[in-house]
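The values are calculated or read from the model by the stated rules, or taken from the named source; none is laboratory data. Source: prediction; values computed, not measured. Note that each Cβ is placed from the backbone with ideal geometry, even for glycine, and that neighbours are counted across all protein chains shown. We work out accessible area using only protein heavy atoms, side chains counted, and drop any ligands, DNA or RNA first. Shrake-Rupley method; radii C 1.70, N 1.55, O 1.52, S 1.80 Å.
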Amino acid sequence: MKNFLLAFFVFLLWALFGMWYYTCNIKGLCKDNSEITQNEIELKAKEHQEILRKKAYDDSIAASRLQNGLFARNINGEIIFNYDENLKITSKDSSVYIPDKISDFSTKIADYMGTHQNEELIIEGFENLYEKKQNRLFGKYRADQIKKLLIDAGINGDRIISKAKTVEYAYSDEATYNGGISLVFGPLDTSRLAEVEKGIANKILYCEFGQNTFKPDATLSNYALELKNYLLKYPNKKVTIIGHTDDVGEIEDNLWIGQQRADHVLKYLKSQEIDISKLSSSSKGESAPMIPNTSKENRAKNRRIEIIVN
């Protein structure tokens, strides 16, 4: 009887060991959550982003079939803006017609992206199968046209993706199509975050920097929001604001003008609740042109503000 119990006990231990080995080492079901690698975390986050982005896109396409006006949704499927009229495209070329009644949609997008720093905008320009087979690149050109419009409105181009979308549609007798552009917001892809932050940390601004008439434009306003968010993420960073001029006038005068322009930007950033202790301003006047001052256009490019964060 004693030998039987001993044999049974050994068998039981062996069976338990076998079950543990199969479950943990073969099936991998015993992994401690603490052992999850950073790569696995990032992969799961990326998969979640793709789910949100696909949902926003599907909602946007489904809604576009129910209405004729221009609209945009956020990543939760909520309407950000909705117009009765829409953009129009033509079969003749890649141009996009923007009716006057919806011309302020770029401002609404800029306002939204300014307060949602962790999101990006995907612009899809439509092209039908015939245009795609002809390799006319109409879809990409149409999306790029809207992207340029938004950049001119002050939005950071690094947070905008433009691409073509093949969609079956027919042009009217006037060779136009009501729509042709899809606007989809989604979480900023982690793979592109470094590119976006690099653009924030090394920024060139072209504003009206007049001494007595300084007024921040949309580019500076939106950049201030990005910079504020960036400094919250990296609290030990410092911001250097450098004023540059063209070579018209005396060297000493241009140094003073460059300093005044840099000071205007510093004061504005301070007014947007950016810690003044993180800000400093200086001037290089005409001494560091981006390109030779050989034309009116070149001189305009040299009159700039350079912002470096390190």
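Check segment 175-190 and report whether any residue there is open to solvent by 20 Å² or more (accessible area, probe 1.4 Å) and part of a helix (DSSP H, G or I).
yes
Name the single residue that is nearest to the chain's Cα centre (by Cα) among those in segment 72-85 being within 16 Å of K101 (Cα to Cα) and open to solvent by 20 Å² or more (accessible area, probe 1.4 Å).
Top of the filtered list is N82.
If I filter segment 123-149 down to residues being of a type in the set (D, E) and either surrounded by fewer than 21 Cβ atoms within 10 Å (Cβ to Cβ) or closer than 16 Å to F105 by Cβ (or both), which single residue comes out as farthest from the chain's Cα centre (by Cα)?
This residue is E131.
Got a sec? Which helices (runs of 4 or more DSSP H) wholly within segment 52-166 have at least 2 residues that are among the charged types (D, E, K, R) and modelled with pLDDT of 95 or more?
138-152
Is it true that I200 is in a strand (DSSP E or B), of a type in the set (A, V, I, L, M, F, W, C), surrounded by 14 or more Cβ atoms within 10 Å (Cβ to Cβ) and touching a helix residue (DSSP H, G or I) at 6+ places or on another chain (Cβ under 6 Å)?
no
Within segment 265-278, is there a residue that is at pLDDT 95 or above, crowded, with 20+ Cβ neighbours inside 10 Å, part of a strand (DSSP E or B) and not basic (K, R)?
No, every residue in segment 265-278 fails to be at pLDDT 95 or above, crowded, with 20+ Cβ neighbours inside 10 Å, part of a strand (DSSP E or B) and not basic (K, R).
State the number of residues belonging to segment 219-264 that are free of Cβ contacts under 8 Å to residues at least 60 places away in the same chain, assigned to a loop (DSSP other than H, G, I, E, B) and touching a strand residue (DSSP E or B) at 6+ places or on another chain (Cβ under 7 Å).
1
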